[in-house]
Amino acid sequence: MSFIDGLYRKLRFGKPIIVVSGLPRSGTSMAMKMLEAGGVPIVTDGKRTADESNPKGYYEFEPVMRLHEDPDKRWLTDVRGKAVKIISFLLPSLPEAHHYKVVFMHRDLREVMASQSKMLAKRGEEPGANADGDTLIASYRKDVEKTKRLLARRPCFDVLDVDYKAVLEDAAGEAARIAAFIGGLDADAMEAVVDQQLYRNRRS
């Protein structure tokens with residue numbers, strides 16, 4: 001998004017909706033916690049509580065899961081200036097009538113797959129026939145590529161790509177990048193909440 005486009009959208013729509021997105025298990029909850037520490041009001045209903053898979057919390061908001069079937073999405077107006085977690089495949093359902101700053105999380109796809117499989121196993125659920133195969137990896141990659149094309153062609157989206165591993169290896173640097181992208185955040189506080197001990201599904 002150009003400076004002029006950004007200024008126009010700011011004047012027309014006011015504060016942006018800060019969206020944390022990416023595939024499930026790609027570090028979206030970590031990014032939400034960083035934004036919260038940095039001073040961004042967080043949108044969450046707390047219905048999905050912290051557990052062994054996400055000991056710092058999930059930061060989910062139930063209306064998000066109905067984005068694709070909600071005809072008016074009026075609640076989005078109330079979250080301008082706040083951060084909300086929206087999984088990547090739901091981003092196409094966001095209307096043009098807002099300005100979105102998207103922190104898009106990326107993670108090695110085999111780590112994503114391993115993390116999802118472990119989470120499902122802890123719940124006693126079956127991951128599915130292709131959960132540990134190349135088919136699932138290809139599906140993940142296709143979803144990310146499709147979403148990135150969508151974001152690039154819609155002017156309502158301003159996007160910062162953030163790598164999960166990079167945050168863990170250089171929390172200070174990545175916190176500073178995110179803080180500069182959003183504007184007015186406490187990067188030191190954001191860095192302080194990054195917990196490297198939660199990087200439990202590393203690709204060897």
For residue 60, other-chain or 5+-apart residues with amide H closer than 5 Å (H placed, Pro excluded) are 45, 46, 48
In order over region 104-112: 3J(HN,Hα) from phi, Karplus 6.51/-1.76/1.60, θ = phi - 60°, whole Hz, x for each Gly or Pro, gives 9, 8, 10, 8, 3, 5, 6, 5, 4
With the label point 7 Å along the Cα-to-beta-carbon line of residue 150 and a cut-off under 14 Å to each amide N, the hits in region 72-90 are 86-90
For residue 106, the residues 5 or more places away or on another chain with a placed amide H closer than 5 Å to its own amide H are 162, 163, 164
Under 5 Å from the placed amide H of residue 20, counting only residues 5+ away or on other chains, we find 84, 85, 86, 103
Footprinting proxy, 106, 99: sorted fewest to most Cβ within 10 Å, the residues are 106, 99
With x for Gly and Pro, the residue-by-residue ³J(HN,Hα) of region 184-193, computed from phi through the Karplus equation 6.51 cos²θ - 1.76 cosθ + 1.60 at θ = phi - 60° and given in whole Hz, is x, 9, 8, 5, 5, 5, 5, 4, 5, 8
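No value in this document is a laboratory result; all are computed from the given coordinates. Please read all numbers here as calculations on a predicted model, not as lab measurements. Note that we place each Cβ from the backbone using ideal geometry, even for glycine, and neighbour counts take in every protein chain shown.
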